[in-house]
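Enquirer: Below is the structure I would like to discuss, written out as structure tokens.
The values are calculated or read from the model by the stated rules, or taken from the named source; none is laboratory data. What you see is a predicted model, and the numbers here were worked out from it, not measured in a lab. Ideal geometry is used to build each Cβ from the backbone, glycine not excepted, and the neighbour counts take in all protein chains shown. Side chains included, ligands, DNA and RNA excluded: accessible areas come from the protein's heavy atoms. Shrake-Rupley method; radii C 1.70, N 1.55, O 1.52, S 1.80 Å.
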Amino acid sequence: MDFIQQLKKMPVFADLPDAQLKDLYQITTERKYRKGSVIFLEGEQGEGFHYLQSGKVKIVKMTDDGREHIINILSPGDLFAEVLLFNNRDYPATAIAVEDSKVGVIKNTDLERLILGNNLLALQLIKALSQRLLFAQQKIKNLALHDVTARTAETLLRLGTEHGRILTNGQIEITLDLSRQDLASLVGTTRETVTRTLSSLKKDKIIDFDIHKITIIEPNKLKRLFQ
């Protein structure tokens with residue numbers, strides 16, 4: 001069945017047997033969002049566990065002065081709002097559709113009830129939560145220990161790995177609809193600083209870019225900037 005094959009493409013569900021995937025699908029509510037639509041707002045009462053079926057979604061925090069700080073950009077198969085699992089709390093960040101997207105939502109009460117009788121599902125979710133914790137720890141480490149050039153290099157390679165495509169010459173093309181402000185938010189700096197850093201990397205022929213895309217010309221050289 002189509003929904004079983006769709007769930008099998010998601011790492012967190014890939015090892016589950018078809019019967020358990022069917023149980024998951026039966027408690028899933030599917031929602032469609034147009035580009036730019038808010039999926040949920042920071043501070044709203046949490047509804048449940050989300051997973052991205054198609055499209056792209058950004059997770060953002062708002063600063064006290066109203067600026068947007070992008071925490072992560074999600075692709076199909078990624079989980080979000082998973083921190084609400086086993087916790088009756090508000091959403092800790094805002095989720096916005098970067099492009100037309102389809103999202104699966106499972107209420108916490110339904111998922112917790114399913115987990116109680118499914119050790120394999122519980123293990124997969126624990127692994128997913130652990131991966132998200134590692135991501136958060138790495139982001140904190142990068143902000144604390146690396147300069148802007150290193151953080152920009154790490155962010156570009158991560159975007160290339162998660163959202164880019166590898167060209168026949170080994171270069172990586174990133175065509176995400178990201179403004180310079182969006183990229184600066186991911187790096188943890190200002191738009192002006194990230195623009196200067198990109199220009200410097202382009203001058204060194206490590207990357208190239210135009211309005212629509214960023215191309216990583218020398219992935220290994222870019223990687224050495226933050227190692």
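Enquirer: What number comes out for accessible area per residue over the chain if the probe is 1.4 Å? Units Å², please.
Expert: Ligands and nucleic acids excluded, the figure is 55 Å² per residue.
Enquirer: Right, here's the next one. Where the centroid of each part is defined by its Cα atoms, how far is the range 23-68 from the range 142-213 in Å?
Expert: The distance from the Cα centre of the range 23-68 to that of the range 142-213 comes to 25 Å.
Enquirer: How much of the accessible area of the chain, in percent, comes from carbon and sulfur atoms when a 1.4 Å probe is used?
Expert: After summing per-atom areas, the C and S share lands at 51 percent.
Enquirer: A further question on this structure: Mind giving me the FRET efficiency for SER200 and ASP90? R0 is 45 Å, r the Cβ-Cβ distance, nearest 0.05 is fine.
Expert: The formula returns an efficiency of 0.65 here.
Enquirer: What FRET efficiency comes out for LYS32 versus THR175 if R0 is 22 angstrom and r is the Cβ-Cβ distance? Round to the nearest 0.05.
Expert: 0.50
Enquirer: Grab the beta carbon distance between LYS102 and ASP64, set R0 = 45 Å, and tell me the FRET efficiency rounded to 0.05.
Expert: Plugging the Cβ-Cβ distance into 1/(1 + (r/R0)^6) gives 0.85.
Enquirer: Bins of 5 Å, beginning at zero and ending with the bin holding the largest distance: percent of Cα pairs per bin for the range 142-227, please.
Expert: All Cα pairs considered, the percentages come to 3, 16, 28, 30, 17, 5, 1, 0.
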